[in-house]
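Here the structure is laid out as structure tokens; the discussion comes afterwards.
The values are calculated or read from the model by the stated rules, or taken from the named source; none is laboratory data. All values reported here derive from a predicted model rather than from experimental measurement. Neighbour counts are summed over all protein chains in view; Cβ atoms, including those assigned to glycine, are modelled from backbone coordinates with ideal geometry.
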Amino acid sequence: MHEYTKIAVWQTAFLGDAVLTLPMLRAVRERFPQAEVHFFVRSGFESLFTGQPEITQVHGFAKRGAQKSLNHAILYGKELGKQGFDLWVSPHTSFRSALVSRATGIGRRIGYNAPWFNRFAYTETVSRRFTELDEIERLMELVKPLGIRGPAPAAQLTLSEASRDAARTYWTTMGFDRPVLGIHPGSTWPTKCWPVEYFSAIAARAVENGAHVLIFAGPGEESVASQVERGAQCDPRHVTNLAGTLSLPELAAYLGRLDAYLSNDSGPMHLAWTQDVPLVAVFGPTVRSLGFFPRGANSTVMEIELSCRPCGLHGSKTCPEKHFKCMKQVTPDMVWDVLRKKLSL
């Protein structure tokens, strides 16, 4: 087997997709311990992965910004081809990613065998086996041609010391004398969002039963976080709205210190379970069986069976059936019954 010296792993999809790539990155590092392993992610995510021991360097690709055009993708690929990479592995299946791969001219490039245009972008392709495997195992299919076999390594998010210090300082300053529940009511996809009033109901119950609630929200989600806070109508001393105050690495570090976490099917969900945080994730338009679920004994997926589920790989802006039963029928009572046990209340 060839011993590679400079390896590129390209995953410029959503935040959760990048986090799910960590086991595969670890497997590559273990197989080629002397090689540089470079991780290419969507621009804005770089800081989250700077503490990962498997990764030599993280690079951002501005697919929604300066590098949006297909011409920029080709030029970027050509530039990467001059940087001494001898292996390219890409789980991303977009046409833009295929163009980048092809333009690098790197001697060995491995990707999935679909969509059809991938056959022109990679020197080797493998089946994703989407209906047979979960996402982490699908990713491991990409490295089988490198002689990497066996179960995927554990997914473990390792954060920078600076982000961990920020979380440690906050916990010390707050002096929490009760369990801390984090809730994250937002998502990129509207139909992935559990109703705001349900999140408020959970916040109220948590406070009434002796917990402190931290409300998290990403950019553009500040309004929904405020709605959850107002709707809880409980002792404000035990509810803190952190919307818009944290960087991505700080968000991950704060999540890592929680006693329990409640979220939609979203990127932050993956930041939590890869740190072994006890969590409940509410799945509506998506289903656990698609393979992008939170793993581990501390993770619980709350979902109900409906003939219309799943209605897509990511969700949509509105419910195609106009009833949104997949979320409305997962009640606060159902979720609280699981959460309170994780909080030991």
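Conditions (1) closer than 16 Å to Pro185 by Cα; (2) assigned to a helix (DSSP H, G or I); (3) not assigned by TED's automatic domain parsing to the domain that holds Thr12, marked per residue:
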site: Leu251; (1), (2), (3): yes, yes, yes
site: Leu262; (1), (2), (3): yes, no, yes
site: Ala272; (1), (2), (3): yes, yes, yes
site: Gln275; (1), (2), (3): no, no, yes
site: Arg295; (1), (2), (3): no, no, yes
site: Thr300; (1), (2), (3): no, no, yes
site: Cys311; (1), (2), (3): no, no, yes
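Has region 309-323 got at least one residue that is surrounded by 21 or more Cβ atoms within 10 Å (Cβ to Cβ), under 30 Å from Thr169 (Cα atoms) and in contact (Cβ under 8 Å) with a residue 12 or more places away in the chain? Lay out the reasoning, then the answer.
Our first condition is that a residue be surrounded by 21 or more Cβ atoms within 10 Å (Cβ to Cβ); within region 309-323, this holds for 315.
With the extra rule that they be under 30 Å from Thr169 (Cα atoms), the set shrinks to none.
No, the conditions are met nowhere in region 309-323.
Taking helices (runs of 4 or more DSSP H) that fall entirely within region 1-97, which contain at least 2 residues that are free of Cβ contacts under 8 Å to residues at least 24 places away in the same chain and not assigned by TED's automatic domain parsing to the domain that holds Gly218?
Here the list reads 70-80.
Counting only residues that are in contact with a strand residue (DSSP E or B) (Cβ under 8 Å, 6 or more places away or on another chain) and not β-branched (Val, Ile, Thr), how many does region 91-101 have?
Final tally of qualifying residues: 5.
Residues checked against (1) closer than 24 Å to Ala162 by Cα; (2) buried (at least 23 other Cβ atoms within 10 Å of the Cβ):
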position	(1), (2)
Arg230	no, no
Cys234	no, no
Ser247	yes, no
Ala252	yes, yes
Ala260	yes, yes
Leu279	no, yes
Gly284	no, yes
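Only residues that are among the hydrophobic types (A, V, I, L, M, F, W, C) and under 15 Å from Leu142 (Cβ atoms): list them for region 105-119, please.
Ile106, Ile110, Ala114 - these are the residues of region 105-119 that are among the hydrophobic types (A, V, I, L, M, F, W, C) and under 15 Å from Leu142 (Cβ atoms).
For a quick check of your reading: which strands (runs of 3 or more DSSP E) sit entirely within region 105-213 and have at least 3 residues that are more than 20 Å from the chain's Cα centre (by Cα)?
Correct list: 109-112, 124-126.
List the number of the failed condition for Pro151; all other conditions in (1) surrounded by fewer than 20 Cβ atoms within 10 Å (Cβ to Cβ); (2) out of contact with any Phe, Trp or Tyr (no Cβ under 8 Å at 6 or more places or on another chain); (3) of a type outside the set (Ser, Thr, Tyr); (4) touching a residue at least 12 places away in the same chain (Cβ under 8 Å) hold.
Just one mismatch for Pro151, condition (4).
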